2 protein chains.
Amino acid sequence: MALEIAKVEAILRGFAILLLVSTACLVGLDSQTKFVILYEKEVTYKDLRALLVLVYVDAVAAAYNLLQLISRCFSSAWSKGNLKGSNRYLSWACCLLDQLAAYITFAVQSAALEHSVLVITGAEVFQWMKWCNRFTRFCFQIGGALTCGYTASVLMAMISFISAFNLFRLYSPKYFLRLKGT
Amino acid sequence: MALEIAKVEAILRGFAILLLVSTACLVGLDSQTKFVILYEKEVTYKDLRALLVLVYVDAVAAAYNLLQLISRCFSSAWSKGNLKGSNRYLSWACCLLDQLAAYITFAVQSAALEHSVLVITGAEVFQWMKWCNRFTRFCFQIGGALTCGYTASVLMAMISFISAFNLFRLYSPKYFLRLKGT
């Protein structure tokens, strides 16, 4: 069963990588040029700070998941519940990194969504114009990217859950932070 | 030891409630009126959509943590590792809710931060003016609130980690989703 849960985790990681990479590509390659009043204007993801951060964070998260996937393939000690010596610190580090990655991707996704919604709706109180009625294709592509990104965040939350489950169930239910069978 | 970890969790929840309530209050009670060019303008948290969402989400998260704190005081079955019958579903529900609450507060905090940064810096490409040079006091109060909010998010992430640890260590390390001692 430990093998099956490892397989599920690997599949989830694979999908998460695909979705993260496609989010980064969809956002990074998105640009549109339009003639606005007197001059030609090009909009790219670099104009929205949140999208710039999104591209970097998603790329790093995808690389992290790929590294994890590769390291799991080589060392199968993990799934066998072998937590002796330095292996234990590695497991804890991986579990914490998984959690951190999930939280950060989710938060960055939400910041990008907030910025995108502002571009769609504008903010009348601040006299901020909306821009999506002019750059429609650009906005639709960002919308698709954010959908991918949120799906990837949910997958990463599930991965961090599984990762915590795999680590914590090796511990004794009676004594704090003592491994079972010791 | 199980008692001590429960105590740590209760203390963390207490601090999280305090911080969430103070975030909601700081944001909700923040307003500033200034004379801008020709007319008087009042800015409140309702003008920034992300802050409105922040107030509601933080209030709900504080109420949820308070409920958890109260329910833990009455039922101590939890910390004794008693996971029989319906208790098990309740533990799982609590663990998942803790995770969900942590993710959502963190994400909403980040969306609010993104919107606030936009108000501070403006966005030249979109011809969005900055407003914080006019409403300085308002902006400083929001900054304080966001600091409180992020601290609360980190506390809630720690709570969800402890909650997962308490639940998962009751499970067998060999068999998937089987309790120990069964």
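The values are calculated or read from the model by the stated rules, or taken from the named source; none is laboratory data. Model, not experiment: these values are computed from the prediction. Counting neighbours? That spans all protein chains shown, and the Cβs are built from the backbone with ideal geometry, glycine included. Ligands, DNA and RNA are stripped out before the accessible areas are found, and what is left, the full protein with its side chains, is counted by its heavy atoms. Shrake-Rupley method; radii C 1.70, N 1.55, O 1.52, S 1.80 Å.
General observations
- Chain B: angle of helix B:86-121 to the longest principal axis, Cα-based, in degrees nearest 10: 20 degrees
- Within the shell defined by Cβ-Cβ distances under 9 Å, the residues around B:PHE135 carry a net charge of +4, with Lys and Arg each +1 and Asp and Glu each -1.
- The angle separating the long axis of helix A:49-74 from the principal Cα axis of greatest extent in chain A is about 30 degrees.
- Over all other residues within a Cβ to Cβ distance under 12 Å of B:TYR45, the charged ones net out to -2, with Lys and Arg as +1 and Asp and Glu as -1.
- Note on the stretch A:2-168: Lys pairs 8 or more places apart or on different chains, Cα atoms under 28 Å apart, count 6.
- Whole-number D in µm² s⁻¹ for the protein assembly as shown, Kirkwood Cα-pair radius fed into Stokes-Einstein, 10 °C, 1.306 mPa s: 71 µm²/s
- Computed from Cα positions, the angle between helix B:2-28 and the longest principal axis of chain B comes to roughly 20 degrees.
- For chain A, calculated [θ]222 nm from helices alone, where every DSSP H run of n ≥ 4 adds -39500 (n - 2.57): -24000 deg cm²/dmol
- Rounded Å value of the spacing that divides the Cα centres of the stretch A:104-182 and the stretch A:1-77: 12 Å
- Counting from the shortest, the label point at A:ALA93, 7 Å from Cα toward Cβ, is 4.0 nm from the same position in each remaining copy.
- Each copy carries a label point for A:LEU66 at 7 Å from Cα toward Cβ; from one copy, the others' points are 4.9 nm away, ordered from shortest.
- In the stretch B:82-132, chymotrypsin sites (Phe, Trp or Tyr not before Pro) in a DSSP loop with at most 12 other beta-carbon atoms within 10 Å: none
- Dipole of the protein assembly as shown computed with +1 at Lys/Arg Cβ and -1 at Asp/Glu Cβ about the Cα centre; of B:ALA6, B:GLN109, A:ALA93, farthest Cα towards the positive end is B:ALA6.
- In sequence order, the stretch B:130-143 has phi-based couplings of 7, 10, 6, 5, 9, 10, 5, 4, 3, 5, 5, 5, 5, x Hz under the Karplus curve 6.51 cos²θ - 1.76 cosθ + 1.60, θ = phi - 60°, and Gly or Pro positions carry x.
- More than 29 Å apart - percent of Cα-Cα pairs taken over the stretch A:2-168: 32 percent
- Per residue solvent-accessible surface (Å²) - the stretch A:2-168, probe of 1.4 Å: 48 Å²
- Isolated Cys in the protein assembly as shown, by beta carbon distance under 4.7 Å: A:CYS25, A:CYS73, A:CYS94, A:CYS95, A:CYS148, B:CYS25, B:CYS73, B:CYS94, B:CYS95, B:CYS148
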